[in-house]
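So the structure is just underneath, and the comments pick up after that.
No value in this document is a laboratory result; all are computed from the given coordinates. No experiment lies behind these values; they were computed from the predicted model shown. No Cβ is skipped: glycine too gets one built from the backbone with ideal geometry, and neighbour counts run over all protein chains shown.
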Amino acid sequence: MPSSRHELALRRQGYSAIAGVDEAGRGALFGPVFAAAVILDPARPIRGLNDSKLLSPERRETLALRIRDRAAAFAIGAADAFEIDHCNILEASRRAMQRAIAQLSPAADSLLIDFVKLPVNLPQRNLTHGDSLSFSIAAASILAKTARDAALTAWDAVFPGFALVSNKGYSSPDHLAALRRLGPTPLHRFSFEPVRAAHLGTPWIGYPQPRLPQGELFA
């Protein structure tokens, strides 16, 4: 179960705006990877924080509302499927996390991150399974997960054949069957093998790269 011991250790070192950071949707075949950054307010504790994967959807939604109401600051960032296919899912996850951190107001003075190390000029602790160790990271995992689930619910109406409401873009049997039957949508991640294998047209070999430096293209 998560606790506040990592946050307390940083406070003893003089830090006060400690942001927990986590992502959601890294292993999915469809849509963006989402990330959240949360600075909890020690004066307004939230009971029941845990790894979002261990919570029911109803419990996640309840806790997400409490986090948004009681946190000192929170923000959400994302990197879409096009970006994932260009730079790989790990780098896209880092970018989504950095975007969330950059939006925090007040800004963070230190970070607790679930596993990933970020190229940012802030002290950071990178905790394996951090969402089950730190309250701040658990809160971030809940916000990232609920934000992504809401987006997938909206996209289900646009792409109704893929059961996105239930599978959330992951490689469930019904999603894989829909890919074989319908082919991928523009929001699928073509750099993921099951999506490439289901492509009904010319085999996907990556996005074309510009022949000229970006500046020359717009000269």
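Each Lys and Arg contributes +1 and each Asp and Glu -1, all at the Cβ; summed about the Cα centre of the chain, the dipole is approximately 360 debye.
Just checking the listed ones, Ala37, Ala140, Ala71: in the Gaussian network model of the chain with Cα springs under 10 Å, the one fluctuating most is Ala71. Placing a label point 7 Å from the Cα of Phe115 along the Cα-to-Cβ line, the residues of the stretch 68-89 whose backbone N sits under 14 Å from it are 89. Subtracting the Cα-Cα distance of Ser3 and Ser56 from their residue separation scaled by 0.36 nm leaves 17.1 nm. Can you give me the Rg/Rh ratio for the stretch 5-151, using Cα atoms for both radii and the Kirkwood formula for Rh? Reported Rg/Rh (Cα atoms, Kirkwood Rh): 0.94.
Under a model in which nothing but the beta-carbon of Lys, Arg (+1) and Asp, Glu (-1) is charged, the stretch 156-198 shows a dipole of about 100 debye around its Cα centre.
I need the calculated FRET efficiency for the pair Tyr15 and Ala150, taking r as the beta carbon distance and R₀ as 25 Å, to the nearest 0.05. Could the numbers behind the result be given before it?
Numbers: r = 32 Å, r/R0 = 1.26.
The calculated FRET efficiency here is 0.20.
Helix-only mean residue ellipticity at 222 nm, the chain, DSSP H runs n ≥ 4 weighted -39,500 (n - 2.57), per residue, nearest 500. What is it? List each step's numbers first, then the result.
On the way: 9 runs with 92 residues, N = 219.
Rounded to the nearest 500, it is -12500 deg cm²/dmol.
Counting other C-beta atoms within 10 Å, which of Val195, Val21, Val116, Val165 has the fewest, and how do the rest follow? Going from sparsest to densest Cβ surroundings: Val165, Val116, Val195, Val21.
Return the single residue from Leu54, Leu143, Leu164 with maximal mean-square fluctuation; model: Gaussian network over the chain, springs between Cα atoms under 10 Å. Sorting by GNM fluctuation, first place goes to Leu54. Between His199 and Ser172, the distance separating the two model label sites (each 7 Å from Cα on the Cα→Cβ line) works out to 2.6 nm.
Ranked for footprinting exposure by Cβ neighbours inside 10 Å, fewest first, Phe82, Phe159 give Phe82, Phe159. Hey, in the GNM for the chain with a 10 angstrom Cα cutoff, which one of Ala72, Ala19, Ala154 fluctuates hardest? Checking each option, the largest mean-square fluctuation is seen for Ala154.
When the Kirkwood hydrodynamic radius is evaluated over all pairs of different C-alpha atoms of the stretch 156-198, what value in angstrom, to one decimal, is obtained? Let's see the in-between values first.
Details: mean 1/r = 0.0980 Å⁻¹.
For the stretch 156-198, the Kirkwood estimate is 10.2 Å.
With neighbour counts taken as other beta-carbon atoms within 10 Å, the residues His6, His86 rank, fewest first, as His86, His6.
Multiplying the residue separation of Arg68 and His129 by 0.36 nm and subtracting their alpha-carbon distance yields 19.7 nm.
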